[in-house]
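Taking it in order: structure first as structure tokens, then the write-up.
No lab work stands behind these numbers, since they all come straight from the coordinates. Computed from a predicted model, the values in this text were never measured in an experiment. Cβ sites come from the backbone with ideal geometry, for glycine too, and all protein chains shown count toward neighbours.
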Amino acid sequence: MIVSHTFHDGASRGHACLVAFGLLLISMLLTACASGPNADPRDPLEPLNRGVYRFNNSLDEAVFKPVASAYRDVAPVRVRQGVGNFFGNLEDVWSLVNNALQFKGEAAIDTLRRIGINTVLGWGGIFDIATEMDIEKHTKDFGHTLGRWGIGSGPYLVLPFLGSSTLRDTLALPVDWKGDLVLQVSNIPTRNTATALRLVDRRSDLLKASTMLEEAALDEYTFIREAFLQRRRSVIFDGNPPEDDKAESP
């Protein structure tokens, strides 16, 4: 599941991050010896992660999935497309920064063009004109940037409310929050409304995939972990990850 979390101001955001990281370190110490000899070395905290996954899944089934389903049923397709395009355009701004930090000139230029075209011609990003013009989207966050700089992913983690992550990506979250234009809106009701709408819209996009996953005869936790780690590694290396697994090992 994918859930986004809103903090009311910068101070509470920083405090929550420190508390979460402290709890994470304590959990790592308490559960490091819980993994058996056949445990995946990328997931040494699997017992803890599975517990958090069950919590997130229960919350999703009780709250987020029903709301997302209602949103899908009520909102017309074009409206949902417009909402997704709008938030995608805002996301491109932070992607532009991270592409620049990774010295990816072509990707940065593409992203800058996307922002300009979709903002001006796409009515603030409601219409994705840039994609229709075959301008590639290069989504990057600070976790990607750290990986590109050679920082290993560290162990796989499942964060409460937020879902799949790694230690590296978790440490990058405060920077990503600072770069998230939605979270920087000063008016609290507007910020919370926009964050909730973005969350519901993104969860609605995953309804079909989650239903297929539930119906498949497999371990959902393992499937999601493998898909997440493979995708993150592929994105960091622009679809051409090195054959040496040590390049992104914990």
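Things worth noting here:
- Net charge over other residues, Cβ less than 14 angstrom from the Cβ of THR131 (K, R count +1; D, E count -1): -4
- One decimal place: the segment VAL67-ARG233 gains 56.6 nm when fully extended, by the rule 0.36 nm per residue minus the C-alpha distance.
- Straight Cα distances below 18 angstrom link LYS65 to the aspartates and glutamates ASP73, ASP201, ASP205, GLU214, GLU215, GLU220, with same-chain residues fewer than 8 positions distant left out.
- Summing Lys and Arg as +1 and Asp and Glu as -1 over all other residues whose Cβ lies under 14 Å from the Cβ of ALA216 gives a net charge of -4.
- Length added when fully stretched, VAL185-VAL77, from 0.36 nm per residue minus Cα-Cα: 36.2 nm
- Local net charge near GLY179, Cβ-Cβ under 10 Å (Lys/Arg +1, Asp/Glu -1): -3
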